1. Filter segment 222-266 down to the residues that are part of a loop (DSSP other than H, G, I, E, B) and more than 19 Å from residue 84 (Cβ to Cβ) and list them by number.
2. Output yes when any residue across segment 79-98 is surrounded by fewer than 20 Cβ atoms within 10 Å (Cβ to Cβ) and farther than 20 Å from residue 186 by Cβ, and no when none is.
3. Which one of these does residue 114 not meet: (1) within 14 Å of the chain's Cα centre (by Cα); (2) crowded, with 17+ Cβ neighbours inside 10 Å; (3) more than 19 Å from residue 135 (Cβ to Cβ)?
4. Of the residues 134, 220, which is closer than 18 Å to residue 14 by Cβ and buried (at least 19 other Cβ atoms within 10 Å of the Cβ)?
5. Among 87, 107, which is the only one that is farther than 24 Å from residue 243 by Cβ, touching a strand residue (DSSP E or B) at 6+ places or on another chain (Cβ under 9 Å), at pLDDT 95 or above and in the same structural domain as residue 261 (by TED's automatic domain parsing)?
6. Name the pairs whose Cβ atoms lie under 6 Å apart, with the first residue in segment 267-280 and over 17 Å from residue 101 (Cα atoms), the second at pLDDT 85 or above and surrounded by 10 or more Cβ atoms within 10 Å (Cβ to Cβ), and 6 or more positions between them or separate chains?
7. Considering segment 140-174 alone, what residues qualify as being surrounded by fewer than 17 Cβ atoms within 10 Å (Cβ to Cβ), in contact (Cβ under 8 Å) with a residue 40 or more places away in the chain and part of a helix (DSSP H, G or I)?
8. Just one of (1) at pLDDT 80 or above; (2) farther than 27 Å from residue 221 by Cα; (3) assigned to a loop (DSSP other than H, G, I, E, B) trips up residue 280, so point out which.
């Protein structure tokens, strides 16, 4: 592999990690092209707790900014592309909108897969009915456990959050009210959901970007999707009838299904990182 090969930066979803199947799939696609790949493990997702009190959250972009700037400082001539999945897509798009034209020139393009865009309808939907019993219960099981482990390791953590409420949280509203909001300076869960959503930042993005979502996504309802007509011309939306949440399966169902979204992401980014293209 060339030492000057492009770098693909991968951001995982809620309670995911560098071991998530889509992160591994994206890395494999990048390596097959001769690129290098880096996965950002959000705070508490690497397999061990981070040392600071704060966990990651849907709108926390500081760590992404540090990682991008670290990569650029180490290799100023490197061409960098990024893919964010679900929560990682929200973080990536929000960061791009926050940075606007000041995003490092080495970052030449981005792809967001199944990003939530607007957290309010997403959280409200997940807190109801079957989705609450299936998806929310699974996410909160590990999130509650992390809060317990933090409090056991650092007793001061319990003074920053409502640990008792967190232990009994069975909805995102309850957990975010007890943990995410007070830990990160939000007034309550609604303030967090509104301020952490990437939707208001999409018009400020100044890099080529691809947004891929499915209309049958059980986690991101169609009400959360942006109107493609309001997006900048360099931001392309592909909202497909089927694909679920970061699924997008093809071939041999149900015996040998495989996801094509990793390949689509790399195909979109490949011309942007090609040698000879001028940096923005």
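1. Scanning segment 222-266 gives 227, 233, 241, 242, 251, 252, 253, 254, 255, 256, 257.
2. no
3. Looking at each condition in turn, residue 114 falls short on (3).
4. 220
5. 107
6. From residues that are over 17 Å from residue 101 (Cα atoms), the pairs are 268/111; 268/210; 269/81; 269/109; 273/6; 273/79; 273/81; 273/108.
7. Residues satisfying the conditions are 142, 149, 153, 160.
8. Going through (1) at pLDDT 80 or above; (2) farther than 27 Å from residue 221 by Cα; (3) assigned to a loop (DSSP other than H, G, I, E, B) one by one, residue 280 breaks only (1).
The values are calculated or read from the model by the stated rules, or taken from the named source; none is laboratory data. Quantities reported herein were computed from a predicted structural model and do not represent experimental measurements. For neighbour counting, all protein chains shown are included, and Cβ atoms are generated from backbone atoms with ideal geometry for every residue, glycine included.
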